[in-house]
Amino acid sequence: MSMQKYIKDFPILKRKVNGKKLVYLDSAATSQKPIQVIKAITDFYMNHNANIHRALHTLSEEATIAYEQAREKVAAFINAESTEEIIFVRNTTEALNFASFGLRDMIKKDDKILTTTMEHHSNLIPWQQLAKMKKAKLDFVDFDKNGYLDMKMFDKKVNDAKIVAVTQASNVLGTINPIKKIAEKAKQSGSIIVVDGAQSVPHMTVDVQELQIDMLGFSGHKMLGPTGIGVLYARKELLEKMQPVLFGSDMIKYVSLSDAEWNDLPYKFEYGTSHIAGAIGLGAAIDYLTQIRMKEIRKHDIELTRYALKKVGKIATIYGPKKAEDRSGLIAFNLANIHPHDIAAILNQDGIAIRSGHHCAMPLHERLKISASARASFYLYNTKKEIDLLLKSLQRVKEIFS
Ligand code: C6P
């Protein structure tokens, strides 16, 4: 397979777990990191470490340049109009909290916030809290038995929505939602469209201008970058109207004893000392992904997902769309009545890492009438052979419980 040549870049994939070669099928939780990213972070700490935007000495200047170059890479990666639209945050969760509470002055009593029943908690709780704070209404678009969003329901509900908050790819169903269509309708209704890109940005081309979305959140750690760094993209015009959520340090232009004036974009939203090495690591991850090309990564995901749907689908119940083209690179499933934690524990004996539980999507699991699921998720370093090993191990689980 064409991606095979990149496996050697991931040092951790050489290790053994329980005496078996590691098969890492948990990239939707966090991806592994190539040596290029690890080296970029080490190089920063070994040769350039200093705080940014604060001092005139050489190290500080080098650190500032590297940090701002990372912002340029992020802007180019999602085709933002300018770097002013890229806010470095800690992760998708922080991005979506900044989105919701940043909009607090634009939401009033009885305004409608529309989201879906397939959201991760990170794109649900911030909106629940905003709705409670402002006495606004929270409404939901449901999904059908194949895991597709009910677009008729969306069409009906979007008309009077002030905010539409939706995931581009579900971390359980795998469904890739029609964001362009959703954004078009949201625009016609005058709604602000916020997209959770945690599972999409690492796996496919996401062009914010082409999609015409207002905001997008994503995490560096799911796209080969380090933990602790993420991105909130928002259109400049919107960021200008939004309020900061965390206050202090360099996010100001002027401070008196009684008040403060906010800094220019994007710094208005970047409180305290930033995760400088994290941003630089994310920049290196973007270089790596760009060199492979997102189109190729998407193709690889589809190929592996199609194979997994066919193979694992024979013995397990897989949730979400049947067509690999409509899904991101993951399958969540249940195997007979065996608890997903038992499945994961036995797979771990075989060196296979999967996730089990509610995957921070409790309402989605309730909607499926299950309490938990097992999930295998793929990235560019996974192979069909590893899916064969997954299947073999799942068969062993079945035998143990028969
Ligand atoms: N989902 C998973 O195993 P953070 O943790 O902030 O980087 O990402 C939150 C998040 C938001 N939206 C979606 C769709 C996600 O999948 C996630 C993270 C991980 O599924 C950890 S719960």
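The values are calculated or read from the model by the stated rules, or taken from the named source; none is laboratory data. Since we're looking at a predicted model, the values are computed, not measured. All Cβ positions, even for glycine, are placed from backbone atoms using ideal geometry, and neighbour counts span all protein chains on display. Ligands, DNA and RNA are excluded from the accessible area calculation, which covers all protein heavy atoms including side chains. Shrake-Rupley method; radii C 1.70, N 1.55, O 1.52, S 1.80 Å.
So here's what we get for this one:
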{"quantity": "Hits in the stretch 137-157 (condition: surrounded by fewer than 22 Cβ atoms within 10 Å (Cβ to Cβ) and touching a helix residue (DSSP H, G or I) at 6+ places or on another chain (Cβ under 7 Å))", "calculated": "LYS137, LEU138, ASP139, ASP142, ASP155"}
{"quantity": "Pick from the stretch 73-92, criterion away from the ligand (no atom under 16 Å from the Cβ), among the polar types (S, T, N, Q) and not in a helix (DSSP H, G or I), ranking: least open to solvent (accessible area, probe 1.4 Å)", "calculated": "SER82"}
{"quantity": "Candidates LYS295, LYS322, LYS310, filtered to the one that is in contact (Cβ under 8 Å) with a residue 60 or more places away in the chain, exposed (fewer than 14 other Cβ atoms within 10 Å of the Cβ) and part of a helix (DSSP H, G or I)", "calculated": "LYS295"}
{"quantity": "Which listed residue is assigned to a loop (DSSP other than H, G, I, E, B) and either more than 16 Å from the ligand (Cβ to nearest atom) or under 17 Å from ASN171 (Cα atoms) (or both), from ILE315, ILE346, ILE400, ILE331", "calculated": "ILE315"}
{"quantity": "Criterion violated by ILE302 - all others in (1) within 21 Å of ALA29 (Cβ to Cβ); (2) in contact (Cβ under 8 Å) with a residue 60 or more places away in the chain; (3) open to solvent by less than 60 Å² (accessible area, probe 1.4 Å) satisfied", "calculated": "(2)"}
{"quantity": "Neighbours by Cβ (under 6 Å, 6+ apart or cross-chain): first from the stretch 353-378, over 24 Å from SER393 (Cβ atoms); second open to solvent by 10 Å² or more (accessible area, probe 1.4 Å) and within 12 Å of the ligand (Cβ to nearest atom)", "calculated": "CYS360/HIS120; CYS360/HIS121; ALA361/HIS120"}
{"quantity": "Count - residues of the stretch 349-397 that are open to solvent by less than 70 Å² (accessible area, probe 1.4 Å), among the hydrophobic types (A, V, I, L, M, F, W, C) and not in a loop (DSSP other than H, G, I, E, B)", "calculated": "10"}
{"quantity": "Within the stretch 116-129, tally of residues that are in contact with a helix residue (DSSP H, G or I) (Cβ under 7 Å, 6 or more places away or on another chain) and open to solvent by less than 10 Å² (accessible area, probe 1.4 Å)", "calculated": "4"}
{"quantity": "All strands (runs of 3 or more DSSP E) inside the stretch 165-283 with 3 or more residues being within 14 Å of the ligand (Cβ to nearest atom) and either open to solvent by less than 40 Å² (accessible area, probe 1.4 Å) or more than 25 Å from LYS112 (Cα to Cα) (or both)", "calculated": "192-196, 215-219, 230-234"}
{"quantity": "Qualifying positions in the stretch 93-115 - open to solvent by 10 Å² or more (accessible area, probe 1.4 Å) and within 16 Å of the ligand (Cβ to nearest atom)", "calculated": "THR93, GLU94, ASN97, PHE101"}
